[in-house]
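Heads up, the thing below is written out as structure tokens.
The values are calculated or read from the model by the stated rules, or taken from the named source; none is laboratory data. Being a predicted model, the structure only gives us computed values, none of them experimental. Backbone-built Cβ (ideal geometry, glycine too); neighbour counts: all protein chains shown. Side chains are part of the model used for accessible areas, which takes the heavy atoms of the whole protein and leaves out ligands, DNA and RNA. Shrake-Rupley method; radii C 1.70, N 1.55, O 1.52, S 1.80 Å.
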Amino acid sequence: MKILIAPWGNPLVWKEVEYMYKGRKKPDGKKFKDPLPIIKEEENPDKIIIVSVDTLANALLKNNISNYSDIREKIQEEIYQFCQNELKFKPDKVIISYGFGEFSKMKFLGSAMDFYYDVFKELSFFFSELEVSSKIEVIFDATHGINWTTILTYRALREILEILAYVYDVDLKVLNSDPFVENITSLNINVIENVKILPRIAVYNIDKRPIEPFSSEQDMKKFGSYISNFLYNNLSYNKEEILVFLGSFYFALPVFILSYMPCSSNVKFKINEISKEFERNIKLKNSVKLEVLRELKYTENFANFSKAYLVSSILEKFGFGRLNDIPLSKIEELKKKVFDEKKFPIESYRISVEMGSEKEHDKRGIKGIKDRIERYYKLYFALRGGSEEKESDLTENAEKEPQIDKRNFFAHAGFEYNTIEIKKENGEIYVRIYDNNRRQAEAYITDDLPKI
């Protein structure tokens, strides 16, 4: 699967020029206002996406604007028409995100990062819907992007590709043409980056709701309880569960990934409802200039929602779903698919050791004690013989609950002795989180995530 993505500024001011890519140009010397036609011809992408910004309304829209949704829709229409009339193709998707700044006829007020969070959401939705076999190639043409929109689009794209790289082979090529100078008739399209993307997920624990008031103490008073009621009453918003799921992915804790994995369609519904609420609070004010004010702003927890959606949708494609009782064979399957030994040699080995071996002489891991496992759940610590093979911080007072040892929790990929219970049924070994210590385990995961 090959995807071509280009951030765009205002296409109405671009000049026609002859573009050259890979040493080739149109044999008839045909000129275009953008390099996408020749890149499309040489690379033959399966999908083309254009990313632009709502501030183009100042240049592109001439009629009166009655509501904000008209702005985005009309800019999309203008870009589709430009592509069909000038470039002779129709993109598969046009994303119009949120901008800022004052222009000749319009003024846009809001958080600059809204652009990034919205593009991250839209690209996550796009990539989750693709039917991919094993490889994803992305070509990013930076030729005509506005400086900050190019940076933020690239950042969102790169983070998404790093998540996709857990299960797919992902390559990224970045292109940029020579600078346009008057009287120059031919521009070369240069490769400025060509890399294989390594798997990584960036997760931040932030003490914010996914949407917050844009500014001022007065806005906080106006929106504070309103936002809380909307999130908690309408969406059953639970920041901790999302963070535990993403954190378990970040720390490679397979039992917790499968125990906390959300249904992707439910997460997508919540993302869309938050986005609708965000846009309902964009106000248009006619004064000397038309002012577009976003009264709310997105935060990193909105990005966490999008990441949780993307990860869960990928896992669902490979047959994974939320489980309370987890067969050991499913953990083995998850390890092979997500924490492949070629990409994650340390994590893969660690999980393999914790699951154990069928060999009689190898008593490490869960399979190493399979003869001790019974038909009902029993704490892993007890199956290991208690203090005889003590690896955890078990309290000396038998009346108190055994506690999870934090070092062992992470060192043993979440298979710490006082963290999980184990049983055997119909020849299959099952694992589940020990409920009495669940909150302690959750706190270890979320508290150790990077904070911003």
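Descriptive notes on the structure:
- Relative to the dominant Cα principal axis of the chain, helix 264-280 is inclined by about 40°.
- Taking max minus min of the alpha-carbon positions on each principal axis, segment 191-293 gives extents of 54, 47, 26 Å, largest first.
- Projection of the Cα convex hull of segment 233-388, averaged over all directions and equal to a quarter of that hull's surface, yields 13.9 nm².
- Using only alpha-carbon positions in segment 297-354, the gyration tensor eigenvalues give semi-axes of 26, 15, 10 Å once each is multiplied by 5 and square-rooted (largest first).
- For trypsin sites (Lys or Arg not before Pro), the sites in segment 20-75 that DSSP calls loop and that have at most 11 other Cβ atoms within 10 Å are LYS62.
- Applying 1/(1 + (r/R0)^6) with R0 = 22 Å to the Cβ-Cβ distance of SER265 and SER134 gives a FRET efficiency near 0.35.
- Taking all protein chains together and a 1.4 Å probe, the residues TRP148, TRP14 rank TRP148, TRP14 from largest to smallest accessible area.
- Relative contact order, percent, segment 64-180 [alpha-carbon distance under 8 Å, six or more residues apart]: 21 percent
- When segment 236-280 is reduced to its Cα atoms, the Kirkwood hydrodynamic radius in Å: 11.5 Å
- Of the solvent-accessible surface of the chain, computed with a 1.4 Å probe over protein heavy atoms with every protein chain present, carbon and sulfur atoms account for 47 percent.
- Computed accessible area, SER225, all protein chains, 1.4 angstrom probe, square angstrom: 80 Å²
- Under the criterion of Cα pairs below 8 Å and six or more residues apart, the relative contact order for segment 231-373 equals 21 percent.
- Label-point separation in nm, ASP178 to MET1, each point 7 Å along Cα→Cβ: 3.7 nm
- Global form of segment 1-142, assessed from the alpha-carbon gyration tensor, a/c cut-off 1.5: oblate
- Cα→Cβ-extended label distance, 7 Å offset, between GLU316 and LYS370, nm: 3.4 nm
- Nitroxide proxy distance, nm - points 7 Å out along Cα→Cβ at GLU102 and TRP148: 1.5 nm
- Principal axes of the chain: Cα extent on each, largest first, Å: 82, 57, 31
- Calculated over segment 105-215: convex hull of Cα atoms, volume per residue (Å³): 158 Å³
- Contact order, relative form, for the chain: 14 percent (alpha carbon pairs under 8 Å, 6 or more residues apart, mean separation divided by residue count).
- Placing R0 at 35 angstrom, the Cβ-Cβ distance between LYS283 and LYS336 gives a FRET efficiency of 0.10 after rounding to 0.05.
- Full-stretch length increase - ASP92, SER215 - with 0.36 nm per residue and alpha-carbon distance subtracted: 40.7 nm
- Helix axis angle, 300-317 relative to the chain longest principal axis, alpha carbon, degrees: 70 degrees
- Rounded tilt (10° steps) of 345-355 against the dominant C-alpha axis of the chain: 30 degrees
- Segment LYS31-GLU73, length gained on full extension (0.36 nm per residue, minus Cα span): 12.2 nm
- Per residue solvent-accessible surface (Å²) - segment 1-104, probe of 1.4 Å: 45 Å²
- Full-stretch length increase - ILE346, VAL195 - with 0.36 nm per residue and alpha-carbon distance subtracted: 52.1 nm
- Cβ-derived FRET efficiency at R0 56 Å, ASN85 paired with LYS406, nearest 0.05: 0.35
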